[in-house]
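Step one of this worksheet: look at the structure below.
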Amino acid sequence: MRNAPAAGRTVPTIAVAGAEFAAEPCGALWWPQERLLAVADLHLEKGSALARRGALLPPYDTAATVSRLAATVTRLHPRTVIALGDSFHDTGAGARIDAASRAALAALQRGRTWIWVAGNHDPCPPDGIPGDWYAELAVGPVVFRHEPDPAAPAGEIAGHLHPVAKVSLKGRGIRRRCFAGDGRRLVMPAFGAYAGGLNVLDPAFAGLFAAASLCAWMLGASAVYPLPRRRLLPD
């Protein structure tokens, strides 16, 4: 059974190809039937990659991302964790992770199956990072992969596009990360601290969802807010 939500947390259910998942406010997806936790686009060591190009950002994105992931893993106790690609910002990211973050990540992996799905930023496993690597993985009625495929049959869960939703609330525009889906396919929000976002109405999402069925689940501090297509605004 799924652990009970903490007080004040609202966790809606998202159906994909008949399977029911819980949308966590942190941006993770929980499948209680399988005790499976999925996250997408961690982009570990994006800060150090940008620093090498002269963009001096605080070098704490990996620690912050791993800490948020640890809190979710500790609360839900998954049997399996799947990271849906672009877990590492580039092929050298594994070597740049500091010892503390590396140890924290290793601690999360102990006692459970940990699966890295290859992404466009991390097509190959970084040296010294444990876990199993797959191009994609089918579990029951769904397939987990990095990039959504418009030609894929119902049951796809992917990342890559970093969806965000924009709405108007009391005359003010609000733009936040979101899950985006239509019952056949779900695109997950980026989990990484420094990952950006793309509006779900952007042409990059064209062909992925049935317009009439599109729903965005916007992340809040302690809740996830379902939003029908009619509420969504372009940037």
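The values are calculated or read from the model by the stated rules, or taken from the named source; none is laboratory data. From a predicted model like this one, the values you see are computed outputs, not experimental measurements. Glycine gets a Cβ as well: all are built from the backbone with ideal geometry, and neighbour counts include every protein chain shown. Accessible surface is based on the protein model in full, side chains and every heavy atom, while ligands, DNA and RNA are left aside. Shrake-Rupley method; radii C 1.70, N 1.55, O 1.52, S 1.80 Å.
Summary table below
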{"read-out": "Residue match in the range 23-46 (condition: at pLDDT below 95 and out of contact with any strand residue (DSSP E or B) (no Cβ under 8 Å at 6 or more places or on another chain))", "value": "yes"}
{"read-out": "Test for residue 194: is it in contact with an Asp or Glu (Cβ under 7 Å, 6 or more places away or on another chain) and open to solvent by 10 Å² or more (accessible area, probe 1.4 Å)", "value": "yes"}
{"read-out": "Residues that are in a loop (DSSP other than H, G, I, E, B) and within 18 Å of residue 121 (Cβ to Cβ), drawn from the range 135-144", "value": "135"}
{"read-out": "Count - residues of the range 76-94 that are within 17 Å of the chain's Cα centre (by Cα) and over 22 Å from residue 161 (Cα atoms)", "value": "3"}
{"read-out": "Single condition residue 124 does not satisfy, out of (1) over 15 Å from the mean Cα position of the chain (by Cα); (2) assigned to a strand (DSSP E or B)", "value": "(2)"}
{"read-out": "Qualifying position, being touching a residue at least 40 places away in the same chain (Cβ under 8 Å), under 15 Å from the mean Cα position of the chain (by Cα) and under 23 Å from residue 163 (Cα atoms), among 50, 42", "value": "42"}
